[in-house]
Amino acid sequence: MRRRTLLQAGAAGLLAAPLAEPKPAMAEPLRFPPGFVWGVSTSSCQIEGRGDRKADSIWDTFARIPGTIADHTTPEITCDSYHRYPEDVALLKGLGVKAYRYSISWPRVLPDGSGEPDPRGLDYYDRVTDALLQAGIEPWLCLFHWDLPQALQDRGGWGNRAIAGWFADYAQLMARRLGDRVRRWAMFNEPQVHAVMGHGLGEHAPGLHGSEPMAAAGHHQNLAQGRALQALRAHSDKFELGTVMSLQPVRPAQNLAADREAAAIWDAAWNRAYLDPLFRGTYPARFLPLVEKLVQPGDMAEIRQKIDFLGVNYYSPMFMRADPAGLLGTNWGALPVGMRTTAMTWGIDPTGLTDILSELRTQYGNPRVYITENGAFFREPPAGPSGRIDDQERIGYLRDHISAAHHAIAAGSNLGGYFIWTLVDNWEWAHGFTATFGLAQLDRATLTRLPKASYDWFARVAAANAV
Ligand code: FCB
């Protein structure tokens with residue numbers, strides 16, 4: 001089963017009422033507090049293409065294994081943003097957003113993962129960053145969005161505790177290079193997805209299976225994050241430092257004791273194994289036995305760091321069932337009867353976003369939060385009268401989630417911004433090019449970017465809230 005592909009049919013639970021049918025796009029965009037940040041997110045592996053990068057990332061290696069990528073494509077070209085980043089910046093400017101979250105390809109700047117940097121890689125991120133600043137767009141840089149140097153995987157990757165030091169060194173290299181221009185730094189993108197999908201279920205690079213590699217990847221990412229946060233904090237007191245998590249409410253597929261326990265286990269492994277160490281310096285009880293052997297004295301103090309923001313990526317809730325043969329005795333369960341889904345078969349439920357934000361408010365000290373990813377893939381409809389793909393379902397999805405974010409602010413959440421995933425249709429990991437999340441379409445023959453109706457719609461939302 002592909003990433004978070006959830007069963008739709010069968011004996012579903014009845015926990016959530018079916019959502020209403022899509023409504024027309026809101027005529028009057030909601031008003032957000034002054035200074036609310038509107039942005040768009042991308043990631044290096046999904047948009048850059050190889051360019052002149054010398055070294056492989058684990059996704060290059062993984063994509064060469066037959067059967068791993070739905071359409072047998074590789075990240076060799078993707079959107080070729082390595083050469084075409086000025087087109088991306090022009091699109092961002094046209095949208096009127098003031099923030100762009102992108103990530104650094106670690107192997108592009110450090111082909112061996114540590115040691116000698118490649119000046120061409122560093123120059124590239126100079127160029128992108130300067131182009132953004134020139135366009136009046138604030139760079140939000142993410143240090144790790146899953147494309148680990150293969151050279152480090154060959155040394156054990158996230159299974160090797162030494163990676164915490166390699167990561168902190170890499171973070172400092174980037175801070176020295178870009179710290180005069182970049183203020184916002186996110187350490188990780190979704191460490192839980194990388195741990196679970198890449199090291200537990202084998203559906204993402206590096207393709208490992210089992211609870212042990214999963215737990216090691218979890219703990220070592222947490223530790224690396226703590227080390228890098230300390231290093232960057234020491235580098236500059238001007239930095240705004242944070243990290244990005246995929247947070248998803250986990251619900252039992254059916255209202256059975258075994259499914260309730262499966263949901264609690266999964267909630268621990270997915271959400272709390274990352275939130276609790278950072279905010280409380282502890283692992284949740286249901287996850288602790290998996291990492292106990294790895295945690296050394298002092299680790300939890302290093303991991304518990306003050307952050308300036310937490311990035312929340314939200315797409316859907318999860319429905320889990322007990323399954324003795326599944327990872328941690330759990331498995332994806334059926335969605336509630338009648339729940340609408342995107343073409344990823346992810347259930348659509350904007351209240352899941354408000355639930356997550358209210359949990360951060362009540363249980364984790366109401367940290368400063370930015371929604372750093374939200375978006376959807378639906379089968380793309382044909383072009384409308386304007387000549388643009390008329391993606392009303394995407395607009396409906398975005399509108400409903402932006403409204404949910406608005407509710408969360410009214411309820412007291414410390415929410416400061418909202419970023420859409422993503423700018424241009426790109427290489428969606430194991431889905432290859434088959435899952436399109438862009439506000440703009442990618443013509444794969446010419447690599448031209450063609451805005452969709454959602455692009456114009458989001459430009460109006462951002463403009464209505466411009467400060
Ligand atoms: C998120 C990832 C992002 C993209 C979207 C659809 O989990 O961070 O790279 O795959 O999902």
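The values are calculated or read from the model by the stated rules, or taken from the named source; none is laboratory data. What you see is a predicted model; the values in this text were computed from it and never measured. Cβ sites come from the backbone with ideal geometry, for glycine too, and all protein chains shown count toward neighbours.
Cβ separations smaller than 8 Å between residues 6+ apart or across chains give the following pairs from segment 422-434 residues that are on the phi > 0 side of the Ramachandran plot to residues that are assigned to a loop (DSSP other than H, G, I, E, B) and at pLDDT below 95: Trp429/Arg3. Just one of (1) in contact with an Asp or Glu (Cβ under 6 Å, 6 or more places away or on another chain); (2) closer than 26 Å to Gly311 by Cβ fails for Pro111. It is (2). If the condition is being among the charged types (D, E, K, R) and either in contact with a Cys (Cβ under 6 Å, 6 or more places away or on another chain) or assigned to a helix (DSSP H, G or I) (or both), then segment 167-180 contributes Asp169, Arg176, Arg177.
Is it true that Arg272 is without any contact (Cβ under 8 Å) to a residue 40 or more places away in the chain, surrounded by fewer than 19 Cβ atoms within 10 Å (Cβ to Cβ), part of a helix (DSSP H, G or I) and out of contact with any helix residue (DSSP H, G or I) (no Cβ under 6 Å at 6 or more places or on another chain)?
Working: without any contact (Cβ under 8 Å) to a residue 40 or more places away in the chain: yes; surrounded by fewer than 19 Cβ atoms within 10 Å (Cβ to Cβ): no; part of a helix (DSSP H, G or I): yes; out of contact with any helix residue (DSSP H, G or I) (no Cβ under 6 Å at 6 or more places or on another chain): yes.
Judged against the criteria, Arg272 is not a match.
Going through segment 404-427 one residue at a time, which ones are within 16 Å of the ligand (Cβ to nearest atom) and either surrounded by fewer than 21 Cβ atoms within 10 Å (Cβ to Cβ) or part of a strand (DSSP E or B) (or both)?
First, the residues of segment 404-427 that are within 16 Å of the ligand (Cβ to nearest atom): 418-427.
Selection gives Tyr418, Phe419, Ile420, Trp421, Val424.
Somewhere in segment 326-341, is a residue within 16 Å of the ligand (Cβ to nearest atom) and either of a type in the set (Ser, Thr, Tyr) or under 30 Å from Pro34 (Cβ atoms) (or both)?
Taking segment 326-341 first, the residues within 16 Å of the ligand (Cβ to nearest atom) are 332, 341.
So of that shortlist, the ones also either of a type in the set (Ser, Thr, Tyr) or under 30 Å from Pro34 (Cβ atoms) (or both) come out as 341.
Scanning segment 326-341, I find at least one residue that is within 16 Å of the ligand (Cβ to nearest atom) and either of a type in the set (Ser, Thr, Tyr) or under 30 Å from Pro34 (Cβ atoms) (or both), so the answer is yes.
State all residues of segment 380-403 that are away from the ligand (no atom under 16 Å from the Cβ) and under 23 Å from Gly39 (Cβ atoms); if no residue qualifies, say none. So that I can check it myself, show each step before the final result.
Step one: filter segment 380-403 for residues away from the ligand (no atom under 16 Å from the Cβ), giving 381-390, 392, 395-396, 399-400, 402-403.
Hits for segment 380-403 are Arg388, Ile389, Gln392, Ile395, Gly396, Arg399, Asp400, Ile402, Ser403.
Restricting attention to segment 182-196, report how many residues are of a type in the set (D, E, K, R) and more than 16 Å from the ligand (Cβ to nearest atom). Full working, then the answer.
Restricting attention to segment 182-196, the residues satisfying the condition of being of a type in the set (D, E, K, R) are 183-184, 190.
This time we only want the ones that are more than 16 Å from the ligand (Cβ to nearest atom), so: 183-184.
Result for segment 182-196: 2.
Looking across segment 361-379, the residues that are more than 10 Å from the ligand (Cβ to nearest atom) and crowded, with 22+ Cβ neighbours inside 10 Å come down to Val369, Tyr370, Ile371.
Does at least one position in segment 229-241 carry a residue that is more than 21 Å from Pro139 (Cβ to Cβ) and within 16 Å of the ligand (Cβ to nearest atom)? Scanning segment 229-241 turns up no residue that is more than 21 Å from Pro139 (Cβ to Cβ) and within 16 Å of the ligand (Cβ to nearest atom).
Working carefully through the options Gly165, Gly157, Gly202, Gly179, find the one that is farther than 27 Å from Asp123 by Cα and either within 16 Å of the ligand (Cβ to nearest atom) or among the small types (Gly, Ala, Ser) (or both).
Values: Gly165 fails: farther than 27 Å from Asp123 by Cα; Gly157 fails: farther than 27 Å from Asp123 by Cα; Gly179 fails: farther than 27 Å from Asp123 by Cα.
Within the list Gly165, Gly157, Gly202, Gly179, the selection yields Gly202.
Scanning segment 181-213 for residues that are within 25 Å of Asn374 (Cα to Cα) and part of a helix (DSSP H, G or I) gives Pro191, Gln192, Val193, His194, Ala195, Val196, Met197, Gly198, His199, Gly200.
Once segment 245-264 is narrowed to residues that are of a type in the set (A, V, I, L, M, F, W, C) and surrounded by 20 or more Cβ atoms within 10 Å (Cβ to Cβ), the residue that is nearest to the chain's Cα centre (by Cα) is Met245.
Tallying residues that are under 19 Å from Lys93 (Cβ atoms) and within 15 Å of the ligand (Cβ to nearest atom) within segment 428-441 yields 2.
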